[in-house]
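Here is the structure we will look at, set down as structure tokens.
The values are calculated or read from the model by the stated rules, or taken from the named source; none is laboratory data. None of the values given here were measured: they were computed from a predicted structure. Every residue, glycine as well, gets a Cβ built from its backbone with ideal geometry; the counts of neighbours run over all protein chains shown. Just so you know, the surface numbers come from the protein's heavy atoms only, side chains and all, with ligands and any DNA or RNA stripped out. Shrake-Rupley method; radii C 1.70, N 1.55, O 1.52, S 1.80 Å.
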Amino acid sequence: MAEPISVAARRGGTVESIHRVHAVAVRNGEIVTSAGDPELVTFMRSAAKPIQAVPLARERDDMDDRDLAIASASHLADAAQLAAVKALLDKAPATEDDLECGAFEGSKLNHNCSGKHAGMLALCRAKGWPLEGYRLADHPCQQTMLAEVASAAGWEPVATAIDGCGVVTFALPLQAMATAFTRIDERVAGAMRAYPELIRGPRGLDTNLMQAFPGWIAKGGAEGLLCAAAPDGLGVALKVEDGSTRALRPALGSFLDSLELEGSAFAAVPVCNSRNEVVGELAAC
């Protein structure tokens, strides 16, 4: 097994911290290359959102690209993102009160998972399921999500737990996650490509990857996870062992270089102090 990617945080030229990053690339479900443990089992967290949007795309012909993109998003509550969430709720139809994601800064709409939850409500409307309790593991909505993830990943049984926003989250090997991303329904993938800025935002690694590599789809997850897929069927998944998201960008650059792709846009990241002075960097070593 190849060593994980090491990302060093340097301050004034001295190494202050080291992060280990596991990564895998697959094609047709088979490993192309890896760093660290390609079978490392971890939770997909928000990286599962594009897969969770697939049943919505399947059941609702009235969902447009913006609807499916915001259902796949971990948004930052900017004006365009909130407008997309509200439009999806109206189309469901449902209200902010129906969202079971909890509130952020006094509003359920501001929660970064509100688009996913709005999509789940729209799916419940289409299937005639009760809205109340749609987030719970025994609700048919979450049972559908579990089956969709297992099918895309080609992996069963899938261990589950409760995500930060109250719905079910899924534990899978990195190789299975990368494979699942190569199988995402084209309606959802096309929506992500059409609206990469809705998926996270201007500084989001997943948004930036889609903008830098036309045709790719990408989605990050909590605790230092990133999944992506290229239009030629290549799928990748990266996981920072200690959960530090800051190591993902330079690790992605290093891993893309190992795949003979241009990773320079995702290389060293400056470390700044409170005066916005550059005092170090994060870089693969």
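P(r) tail, the range 123-171: Cα-Cα pairs separated by more than 13 Å, 56% of all pairs.
Using C-alpha pairs below 8 Å separated by at least 6 residues, the relative contact order for the range 1-113 is 16 percent. Here Glu3 and Val279 are evaluated by their C-beta separation; at R0 = 30 Å the FRET efficiency comes out at 0.60.
Between the range 230-271 and the range 1-60, the C-alpha centres lie 8 angstrom from each other. Treating the range 112-214 as a set of equal point scatterers at the Cα positions, no solvent, please give the Debye-formula log₁₀ I(q)/I(0) at q = 0.10, 0.12, 0.17 Å⁻¹. At q = 0.10, 0.12, 0.17 Å⁻¹ the computed log10 ratios are -0.32, -0.47, -0.96. Under 21 Å of direct C-alpha separation, and excluding same-chain neighbours fewer than eight residues apart, Lys91 reaches these lysines: Lys49, Lys108, Lys116, Lys127. Here the range 155-234 is treated as an ellipsoid with the same Cα gyration tensor; its semi-axes, largest first and in whole Å, are 22, 16, 11. With an a/c value of 1.5 or above and a/b larger than b/c for the gyration tensor axes a ≥ b ≥ c computed over the alpha-carbon atoms, the range 32-101 is described as prolate. Descending by average beta-carbon neighbour count within 10 Å, the peptides 228-236, 177-185, 87-95 line up as 177-185, 228-236, 87-95, the highest first.
By the Cβ distance rule of under 4.7 Å, the chain has these cysteines without a partner: Cys124, Cys141, Cys227, Cys272, Cys285. From the largest down, the range 14-159 spans 48, 41, 28 angstrom on the principal axes of its Cα atoms.
Rolling a 1.4 Å probe over the protein chains gives Arg60 an accessible area of about 20 Å². Residues whose amide H lies under 5 Å from that of Thr169, counting only those 5 or more places away or on a different chain, are Ala161, Ile162, Asp163; hydrogens are built 1.01 Å from N in the peptide plane. Normalised size of the chain, defined as Cα radius of gyration per 2.2 N^0.38 Å with N residues, equals 0.98. Short-range pairs are left out: with C-alpha atoms under 8 Å and at least six residues apart, the relative contact order of the chain is 24 percent. The H on the amide N of Ser17, modeled in the peptide plane, is under 5 Å from the matching H of Ala9, each at least 5 residues off or on a different chain.
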